[in-house]
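Participant: Sharing a structure here in structure tokens format.
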Amino acid sequence: MVQDTPISFIIIGAGYAGLTSAIELRRKGCEVHVIDREESLSRLGDVIMLTANATVVLEKWGPVIEDILATSSNPTHITINDDKGQPLLIQPWKQNHNGHQNVWTNRGRTQKMMYEEAVRRGVKFTFGAKITKHWEDGNKAGVYLNDELLTADAVIGADGVYSRTREYVTGDADKPKRSGFAVYRSWFSLDRLLDDPLTHELASSGQDRTMVWIGPDTHAILVINSQVRYMSAFITHRDTYTVEESWNYPGTVKDMLATIEGWDPVLRAAISRIPEEVICDYKLLWRDPVKKWVSDRGRVVLVGDAAHPHLPTSGSGAAQAIEDGGTLATLVEKAGKANLPLALKAFERLRFERCSLTQRMGWELRHRWHQTDWEHVKKNPEFLRLPQPDWLYGADAEEYGQANYEAVMAHLLDGKPFQNTNLPPGHTHQDWTIETMMELDKQIGNQRMYLVH
């Protein structure tokens, strides 16, 4: 537990990064106040992937993980098809790493469970609050909430891809950039598929499934959750809109079908059954990796999408947000109040390279699926597989923070060499930008382009 008087935190944002940070810090004895601009948690949400490096953190919260697993999908394999429905690869899905589950679960339901766990542990919440300014001196940090200053020992910016905390920390008012793609998302009952001969088997098999269809600049994914009898349908497509990223921008079945004209009749039949009120067209935004996660005065730090927004094809956005909370709380506990700014810098040092690589991973998989080298796929269908590397899924963020605390502190205080080991064996960090990736988008995929295999 944290020594002396409790360390206090203000967390801006009640998404996965904010909630995990809150719970993990409470586990370590800290006082936590979460502030969110929304009036309540969103009930919207489809499927999110929680891989073993995330569930290993959630397992430390008691019954929460049992409730999540009871309503999750965990298929035995992933089927990757061409746009006509011909199987290209049946990829065995490793259902766990080191005994920790890799699952697909409902985004909104899981967030609600995390919120309820945070409340149970004594985290304070304020919803519907407008933060007008950040504040910091050598000993405290804070925010102006409706023009009233609230202070704590440190502030955590978990305020998403449009983060104002990021602007405060970096001093750069850059805005999120369009990735060039958007994704139709939906979540609906399997019962809607029962009366169509093309989709009846999908709805009645009783099996968890993940199915992918790939074509030029487009891919579609169906995820079947047999435990709750729901399906998620996604179609990632070229972005033609200028609206901001939002769960609330409506989509239509007609528009979804237009993106997969001439594709597999089974996929089109499933899409045609989606109730339009559950469809959203979600603009995929991202940012260049930013190395500075901690403010100049050392008491404001970024986590989650505020620090490292991921494309959905990374399969790692939620897991890296959860890892952030596990790592940060561990370092805070070990450093104590007197060394809190150093703990935040250590967090930045342990996390940046790993998150930069998992961010790039999202572009890499999308590129493999959209700019496919079909001649190479004929020789080696494994080129299309969804990566499940041990260096990523086999990690334990709390354990890594504990094991590397002394070494990273010696690096920060005394300039001693330090090398992260939460990366692929032999990997050397490479900086990249969105502009670099957009240029590569013009080329057909080949193995030399990719860092994650």
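Every read-out reported here was derived from the displayed coordinates using simple, explicitly stated rules and does not represent laboratory data. Remember, predicted model here, so these are calculated numbers, not experimental data. Cβ atoms come from the backbone with ideal geometry, glycine included; neighbour counts cover every protein chain shown.
Participant: Using a Förster radius of 25 Å, what is the FRET efficiency between Asn339 and Glu399 based on their Cβ-Cβ separation? Nearest 0.05, please.
Facilitator: 0.75
Participant: Next question. Can you pull the semi-axes for the stretch 113-253, root of five times each eigenvalue of the Cα gyration tensor, sorted largest first, whole Å?
Facilitator: Ellipsoid half-lengths, sorted descending, are 41, 22, 12 Å.
Participant: With N residues in the chain, what two-decimal value do you get for its Cα radius of gyration over 2.2 N^0.38 Å?
Facilitator: 0.97
Participant: Calculate I(q)/I(0) for the stretch 313-389 by the Debye formula, one identical point scatterer on each C-alpha and no solvent, and give its log10 at q = 0.17, 0.23, 0.28 Å⁻¹ to two decimals.
Facilitator: Cα-only, vacuum Debye calculation for the stretch 313-389: -0.72, -1.00, -1.21.
Participant: Here is a further query. Could you work out the helix-only [θ] at 222 nm for the chain, with each DSSP H run of four or more residues adding -39,500 (n - 2.57) and the total divided by the number of residues, to the nearest 500 deg cm²/dmol?
Facilitator: Theoretical 222 nm ellipticity from helices: -10000 deg cm²/dmol.
Participant: Follow-up. Would you mind checking which residues have amide H under 5 Å from Asn96's amide H? H placed 1.01 Å from N; only 5 or more apart, or other chain.
Facilitator: Asn102
Participant: Just the Kirkwood number for the stretch 177-286, please: inverse of mean 1/r across all distinct Cα pairs, in Å, one decimal.
Facilitator: 14.2 Å
Participant: Choose one of Gly445, Ala329, Asn81: the residue whose Cα lies farthest towards the positive end of the charge dipole of the chain (beta-carbon charges +1 Lys, Arg; -1 Asp, Glu; about the Cα centre).
Facilitator: In the chain, that residue is Ala329.
Participant: If you count the DSSP beta bridges with both ends in the chain, what percent of them are antiparallel, to the nearest 5?
Facilitator: For the chain, the DSSP antiparallel bridge percentage is about 70.
Participant: If each Cα of the stretch 238-377 is one equal point scatterer, what is log10 of I(q)/I(0) from the Debye formula at q = 0.12, 0.18, 0.20 Å⁻¹?
Facilitator: -0.67, -1.07, -1.19
Participant: So how tilted is helix 107-120 from the main axis of the chain? Cα-based, degrees 0 to 90, rounded to 10.
Facilitator: 30 degrees
Participant: Tilt of helix 340-370 relative to the longest C-alpha principal axis of the chain, in degrees (0 to 90, nearest 10)?
Facilitator: The two axes meet at around 10 degrees.
Participant: On to the next question. Toward the positive end of the charge dipole of the stretch 177-286, about the Cα centre and with charges on Cβ (Lys, Arg +1; Asp, Glu -1), which of His200, Gly215, Ile260 goes farthest?
Facilitator: Gly215
Participant: Students often forget the sequence filter, so: which lysines lie under 26 Å Cα-Cα from Lys94 once same-chain residues fewer than 8 apart are removed?
Facilitator: Excluding near neighbours in sequence, the set is Lys60, Lys378, Lys379.
Participant: Would you mind calculating the gained length between Gln95 and Ser205 on full extension (0.36 nm times residue separation, minus the Cα-Cα distance), in nm to one decimal?
Facilitator: Here the segment from Gln95 to Ser205 would lengthen by 37.6 nm.
Participant: Another question about this same structure. Can you give the angle from 0 to 90° between the axis of helix 16-27 and the longest principal axis of the chain, with both taken from C-alpha atoms, to the nearest 10?
Facilitator: Approximately 40 degrees, to the nearest 10.
Participant: Let me ask something else. When the chain is fully extended, how far beyond the present Cα-Cα distance does Ala173 get from Phe127, taking 0.36 nm per residue of separation?
Facilitator: Using 0.36 nm per residue and subtracting the Cα-Cα distance, I get 14.0 nm.
Participant: In whole angstrom, how far apart do the alpha carbon centroids of the stretch 276-310 and the stretch 384-453 sit?
Facilitator: 18 Å
Participant: Next up: By a straight-distance test (C-alpha under 12 Å), which aspartates and glutamates pair with Lys28 as possible cross-link partners, with residues fewer than eight away in the same chain excluded?
Facilitator: Within the straight-line limit of under 12 Å, Lys28 reaches these aspartates and glutamates: Glu333, Glu398.
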